[in-house]
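Q: My questions all concern the structure below.
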Amino acid sequence: MIRLRKSKKKLKAYSLVEIVVSLGIMGVVMTMLFSVLILSLQITFKILARSVVREEVSNVSSLISRDIRNSDTITNCGGPSSTVVCELILDGEKYQWTKCGDRMCKDHVLSTGNVNVYMSSASIKFTTVSFDMGFSDPTNKSRQNILITLVGAHTNLNFNVNNVLKQTSVSTRNYEL
């Protein structure tokens, strides 16, 4: 007959209390880490939204400026009768920049009606649009400027991105207004 010897050594293990305490500490640490992660993601999304608004407002301002500089004639842009319209003639065709709802639009003006050529992004709303007469040289009527003011905001109110301002002065250079 073979006898098994019992080992007199005690086996070491963790108690239930130690496991519960360590899981509690680990839960608190994980909660703190996730709070920091969520906060940094919120800040990142807000920065991205502000960047998108700035880029879109700058893009629209550049497109309007280019059209004003390249136009043959400006029929209405920044005069006393101007509301939020800038009408100009490019290569013999009439175009107008307007605020259409919350967006900016460039329309090709035809005798049958307007055809939309450009419309700004739907994620951006333009709160303020104005075309004003800028600086001028009283001795030379062809040296005048048009001051374009655009104020944009993000359509998602959770980002809290408001009042992104872009103001551009465009020289009319070669013609009178």
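Q: Residue check, Asp91 against (1) surrounded by 10 or more Cβ atoms within 10 Å (Cβ to Cβ); (2) of a type in the set (Asp, Glu); (3) closer than 30 Å to Lys166 by Cβ, all met but one. Which one?
A: (1)
Q: Separate question: Residues to consider are Arg54, Arg66; find the one that is surrounded by 13 or more Cβ atoms within 10 Å (Cβ to Cβ) and assigned to a helix (DSSP H, G or I). Quick ask: steps written out before the conclusion?
A: Working: Arg66 fails: surrounded by 13 or more Cβ atoms within 10 Å (Cβ to Cβ).
Criteria check complete, one pass: Arg54.
Q: Which number in (1) at pLDDT 85 or above; (2) exposed (fewer than 13 other Cβ atoms within 10 Å of the Cβ); (3) closer than 19 Å to Ile148 by Cα marks the one condition that Thr128 misses?
A: Evaluating Thr128 over (1) at pLDDT 85 or above; (2) exposed (fewer than 13 other Cβ atoms within 10 Å of the Cβ); (3) closer than 19 Å to Ile148 by Cα leaves (2) as the failure.
Q: Output the residues belonging to segment 88-119 that are of a type in the set (Asp, Glu), within 22 Å of Asp72 (Cβ to Cβ) and within 25 Å of the chain's Cα centre (by Cα).
A: Our first condition is that a residue be of a type in the set (Asp, Glu); within segment 88-119, this holds for 91, 93, 102, 107.
Then drop every residue that is not within 22 Å of Asp72 (Cβ to Cβ), which leaves 91, 93, 107.
Correct list: Asp107 only.
Q: Condition test on Val20, is it over 30 Å from Thr172 (Cβ atoms) and not basic (Lys, Arg)? Steps first, please.
A: Details: over 30 Å from Thr172 (Cβ atoms): yes; not basic (Lys, Arg): yes.
Answer is yes for this residue.
Q: Which condition breaks for Ser121 when tested against (1) in a loop (DSSP other than H, G, I, E, B); (2) open to solvent by less than 50 Å² (accessible area, probe 1.4 Å); (3) modelled with pLDDT under 90?
A: Of everything listed in (1) in a loop (DSSP other than H, G, I, E, B); (2) open to solvent by less than 50 Å² (accessible area, probe 1.4 Å); (3) modelled with pLDDT under 90, Ser121 misses just condition (3).
Q: Right, here's the next one. Can you name the residue in segment 27-66 that is charged (D, E, K, R) and in contact with a strand residue (DSSP E or B) (Cβ under 6 Å, 6 or more places away or on another chain) and, of all such residues, is farthest from Arg103 (Cα to Cα)? Give the steps one after another, and end with the answer.
A: First, the residues of segment 27-66 that are charged (D, E, K, R): 46, 50, 54-56, 66.
Within this subset, residues satisfying the condition of being in contact with a strand residue (DSSP E or B) (Cβ under 6 Å, 6 or more places away or on another chain) are 54, 56.
Details: Arg54: 14, Glu56: 11 Å.
Restricting to residues being charged (D, E, K, R) and in contact with a strand residue (DSSP E or B) (Cβ under 6 Å, 6 or more places away or on another chain), the top hit is Arg54.
The values are calculated or read from the model by the stated rules, or taken from the named source; none is laboratory data. Quantities reported herein were computed from a predicted structural model and do not represent experimental measurements. Using ideal geometry, Cβ is built from the backbone for each residue, glycine included, and neighbour counts are taken over all protein chains shown. Keep in mind that these areas ignore ligands, DNA and RNA; they rest on the heavy atoms of the full protein, side chains included. Shrake-Rupley method; radii C 1.70, N 1.55, O 1.52, S 1.80 Å.
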